Amino acid sequence: MKTTHHSYHTSLELLQEIAAAHNPKLIWDQEKQKITQMNEFGQRQWSFRFPLPFPVPRADEILSDYLDRVPENPLPYLLILIQAGHSALGFYEDGELLHHKVIKKYMVRAKQGKAQIGYLSTRGKSKAGSRIRLANTVAFFEDINAKITDWNCIDDAERILVSIPIRLKPLLYQSKVPAPFEKTDPRLLKIPLDTQRPGKDELKRVNRLILLGLWEEFET
């Protein structure tokens with residue numbers, strides 16, 4: 001499989017050319033923000049994943065109409081990277097970082113690399129160190145939600161782009177400090193990238209990648 005990346009602006013131009021061709025074998029997956037070209041045998045020829053900050057599609061919207069709404073510069077978006085005990089948050093306008101925060105808490109048991117919430121669910125015991133890590137876990141998600149709320153940016157965000165392990169995701173919404181967005185918010189989009197330990201440098205790296213469109217060409 002051959003892959004190439006395209007800038008935000010080049011991606012928009014390429015997609016407009018593709019939409020203008022009115023190809024009947026083109027499939028648009030609105031949820032994944034990806035188009036796929038099929039051949040006459042129903043096999044994938046190529047696919048193109050949009051830059052993730054592209055706007056949320058409307059129900060029953062055709063591709064050409066959607067692309068008419070995509071601005072030349074990215075609309076505001078929120079970028080959230082979370083791993084056990086480490087998070088990096090960023091709010092962007094025109095692709096530029098406006099607010100950012102790195103939050104760290106001691107959540108992982110030494111030498112086991114396992115978040116305390118997961119450890120307790122398998123062992124069911126709580127010693128002093130375990131209670132500290134569990135308290136830090138609670139505070140970790142409270143701090144994340146509080147910081148995003150403090151920015152007062154949710155109403156302005158066209159997209160909420162998130163990378164978080166499945167086992168930690170419920171804790172974001174179970175926090176005593178409510179998440180500033182619902183888990184069914186249509187602006188939410190999972191970041192389809194392998195991320196490293198969240199920090200400011202990782203936030204920069206991931207932001208650079210999500211602004212790119214991804215072309216994949218398949219062997220048939």
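Only the coordinates and a few stated rules stand behind these numbers; no lab work does. Because the structure is predicted, anything quoted here is derived from the model rather than measured. We place every Cβ from the backbone using ideal geometry, glycine too, and count neighbours over all the protein chains shown.
Some observations on this one:
- Taking the longest Cα principal axis of the chain as reference, the axis of helix 200-210 is set at about 20 degrees.
- Using alpha-carbon coordinates, inclination of helix 128-151 to the longest axis of the chain, degrees: 40 degrees
- Between His99 and Gln45, the contour length at 0.36 nm per residue exceeds the alpha carbon distance by 15.4 nm.
- Amide hydrogen neighbours beyond the local backbone of Ala179, cut-off 5 Å, H modeled: none
- Under Karplus coefficients 6.51, -1.76 and 1.60, residue-wise ³J(HN,Hα) of region 49-59 in Hz, glycine/proline x: 8, 5, x, 5, x, 3, x, 6, x, 8, 4
- Taking trypsin sites (Lys or Arg not before Pro) across region 21-62, the ones in a DSSP loop with at most 16 further Cβ atoms lying within 10 angstrom of their Cβ are Lys25, Lys32, Arg58.
- Structure remark: mean-square fluctuation, Gaussian network model of the chain, C-alpha springs under 10 Å; the largest value among Gly42, Gly85, Gly95 belongs to Gly42.
- Here each label is just a point 7 Å from Cα along the line to Cβ, and for Arg187 and Asn23 those points are 3.2 nm apart.
- Nearest-20 debye value, the chain charge dipole, Cβ charges on Lys, Arg, Asp, Glu: 2200 debye
- The mean sequence separation of alpha-carbon pairs under 8 Å and at least six residues apart, normalised by the residue count of the chain, gives a relative contact order of 30 percent.
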